[in-house]
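Bear in mind these aren't lab numbers, they're just calculated from the coordinates by the rules spelled out. Just so it is clear, the structure is predicted and the values come from calculations on it, not from any experiment. Cβ: placed from backbone, ideal geometry, glycine included. Neighbour counts: every protein chain shown.
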2 protein chains.
Amino acid sequence: MGRTSDARERILDSSRRLMRARGYTALGIADICTDAGVKKGSFYHFFDSKQALTVEAVDGQWAQERRALEAALAEAAGGPLGRLRALVECLLGTQRTDHSESGVIHGCLYGNLALELSGQEPQVRRRLSEVFDEQVGMVARLIGEAQEAGLIGSTAAADALARSTVAQIEGMVLLARVRNDPALLDEVWPGAARLLGVT
Amino acid sequence: MGRTSDARERILDSSRRLMRARGYTALGIADICTDAGVKKGSFYHFFDSKQALTVEAVDGQWAQERRALEAALAEAAGGPLGRLRALVECLLGTQRTDHSESGVIHGCLYGNLALELSGQEPQVRRRLSEVFDEQVGMVARLIGEAQEAGLIGSTAAADALARSTVAQIEGMVLLARVRNDPALLDEVWPGAARLLGVT
């Protein structure tokens with residue numbers, strides 16, 4: 001039983017890593033099975049399709065990231081703005097790790113899938129939309145706290161500011177990926193601070 | 001000869017449209033030929049590979065968009081900020097047209113390719129990087145003019161502000177695509193204005 005649940009986790013781990021690097025369509029189930037060291041029959045024992053796997057892969061990745069974000073928020077000093085900055089840096093962490101470990105910025109799993117997938121994988125798209133909504137929600141709560149504490153100049157609605165902040169992260173990761181230049185990641189927080197009117 | 005050059009243009013047009021909607025990997029040369037109404041043999045008469053076609057498709061699209069941007073800048077009223085806003089709205093125009101014509105936001109050809117393609121298509125990646133550099137350059141020149149005219153509060157370097165602006169566009173188009181919600185496109189200019197400190 002331990003072995004079986006191992007195989008399932010290995011498939012999910014491999015799919016997340018390979019999908020971020022190679023994209024959804026280019027990645028075959030056979031590639032995932034080879035990387036995970038499981039037989040193709042096992043794949044279909046656990047997942048109905050690549051789409052079903054991808055929904056679970058996204059869910060698992062987000063559950064793990066949300067825990068990491070919550071831990072980063074609990075530890076962060078500096079009030080709501082310190083927590084907001086910790087959250088932004090935590091969201092960028094994978095890109096920095098990629099680059100230092102492999103020399104390549106692979107981008108964000110959610111962003112990559114969002115721009116690759118067409119209308120043919122509606123379940124994945126719906127799940128990605130929910131993940132982005134949750135990210136925006138986390139950012140919006142911190143922006144709201146910072147506004148109440150008078151730490152932010154902008155009086156625009158917290159959720160609009162939060163969408164701009166998440167857009168700033170996703171857009172800059174896109175530019176960093178296309179140039180494979182991690183220095184661009186350092187521009188995210190200053191950009192976010194500007195659009196929030198951090199005083 | 002007219003007929004031959006027609007076929008080449010039809011292949012390029014089809015590839016741009018289909019690639020933006022379906023992605024790079026999912027799109028076969030046969031699909032492109034069918035859409036363009038040309039034989040597969042003709043494809044290889046004009047292009048060595050899908051990668052070579054894509055470089056030309058990106059080049060052609062950017063040449064066309066740059067002309068549209070320059071025309072929009074020439075017509076825009078309201079000084080450097082009016083021109084900057086016209087440029088941002090022109091970059092978003094395709095998404096609005098997509099949605100009103102087909103009900104679907106397909107995203108930006110350059111952004112979609114940037115997040116889908118791995119290191120296997122280095123020529124496409126290099127060309128995308130150059131297109132984004134040119135976009136950033138156009139935005140930076142207008143920001144520089146607006147700074148000189150005292151229309152922008154931020155004293156940060158114009159090229160860093162321009163990268164943040166382009167990131168804001170690409171990131172918000174990503175969120176608009178995943179939610180298929182054109183209302184998010186209306187948030188780009190207010191976001192850009194905030195990060196520039198438009199007074």
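Show that you can apply the helix-only estimate: for chain B, add -39,500 (n - 2.57) for every DSSP H stretch of four or more residues, divide by all residues, and state [θ] at 222 nm to the nearest 500.
Values: 9 runs with 152 residues, N = 199.
Helix-only estimate at 222 nm: -25500 deg cm²/dmol.
Run the dipole for segment B:1-47 about the Cα centre, Lys and Arg Cβ at +1, Asp and Glu Cβ at -1, nothing else charged, and hand back the magnitude in debye, nearest 20. All intermediate terms of the calculation are to be shown ahead of the outcome.
Details: 9 positive and 5 negative charges, 7 e Å.
It comes to approximately 40 debye.
Under a plain spin-label model, where a point goes 7 Å from the Cα along Cα-to-Cβ, how far apart in nm are B:Gln51 and B:Arg126?
Taking the two extended label points, one gets 1.0 nm.
Taking every alpha carbon pair in the protein assembly as shown, what does the distance histogram look like in 20 angstrom bins from 0, in percent?
Whole-percent P(r) values from 0 Å outward: 27, 57, 16, 1.
Quote the charge dipole size of segment B:50-196 about the Cα centre in Debye, to the nearest 20; the model charges only the Cβ of Lys and Arg (+1) and of Asp and Glu (-1). Present the calculation step by step, with values, prior to reporting the outcome.
Values: 14 positive and 20 negative charges, 35 e Å.
Dipole of segment B:50-196, to the nearest 20 debye: 160 debye.
Work out the length of the dipole vector of the protein assembly as shown about its Cα centre, built from +1 on the beta-carbon of each Lys and Arg and -1 on the beta-carbon of each Asp and Glu, and round it to the nearest 20 debye. Don't jump to the answer; show the numbers that get you there.
Values: 46 positive and 52 negative charges, 168 e Å.
It works out to roughly 800 debye.
Using alpha carbons only, how many angstrom separate the centre of segment B:74-150 from the centre of segment B:1-51?
When both Cα centres are located, 24 Å separates them.
Just the C-alpha atoms of segment A:1-59: what Rg/Rh do they give, with Rh taken as the Kirkwood radius?
Dividing the radius of gyration by the Kirkwood radius yields 0.92.
Once the cut-off is 17 Å, how many percent of the Cα-Cα pairs in segment B:1-104 end up in the long-distance tail?
Numbers: 3215 of 5356 pairs.
Of all Cα-Cα pairs in segment B:1-104, 60 percent lie more than 17 Å apart.
Which trypsin sites (Lys or Arg not before Pro) from segment A:12-79 combine a DSSP loop assignment with at most 14 other Cβ atoms within 10 Å?
Working: sites: A:Arg16, A:Arg17, A:Arg20, A:Arg22, A:Lys39, A:Lys40, A:Lys50, A:Arg66, A:Arg67; in loops: A:Lys39.
For trypsin sites (Lys or Arg not before Pro) across segment A:12-79 that sit outside H, G, I, E and B with at most 14 neighbouring Cβ atoms in 10 Å, the list reads A:Lys39.
Counting alpha carbon pairs within less than 8 Å and at least 6 residues apart, what relative contact order, in whole percent, applies to segment B:37-122?
Numbers: 30 pairs, mean separation 16.4, N = 86.
RCO, segment B:37-122: 19 percent.
Looking at the P(r) of segment A:49-196, how many percent of alpha-carbon pairs lie beyond 26 Å? Don't skip to the end; give the middle numbers.
Values: 2793 of 10878 pairs.
The calculated P(r) of segment A:49-196 puts 26 percent of pairs beyond 26 Å.
With axes computed from alpha carbons, what is the tilt in degrees of helix B:79-102 against the longest principal axis of chain B, rounded to the nearest 10 within 0 to 90?
Result, in degrees: 40.
Please list, or write none, the lysines whose alpha carbon is within less than 29 Å of the alpha carbon of A:Lys39, excluding same-chain residues fewer than 8 places away.
A:Lys50
For helix B:158-179, report the angle its Cα long axis makes with the longest principal axis of the Cα atoms of chain B; keep it between 0 and 90° and round to the nearest 10°.
Tilt of helix B:158-179: around 60 degrees.
As I understand it, the value is the acute angle between the Cα axis of helix A:2-22 and the longest principal axis of the Cα atoms of chain A; what does it come to in degrees, rounded to 10?
Taking the Cα atoms of chain A, the angle to A:2-22 is about 60 degrees.
Report the relative contact order of chain B, percent, no decimals, based on alpha-carbon pairs under 8 angstrom and at least 6 residues apart.
Numbers: 191 pairs, mean separation 40.2, N = 199.
It comes to 20 percent, rounded to a whole number.
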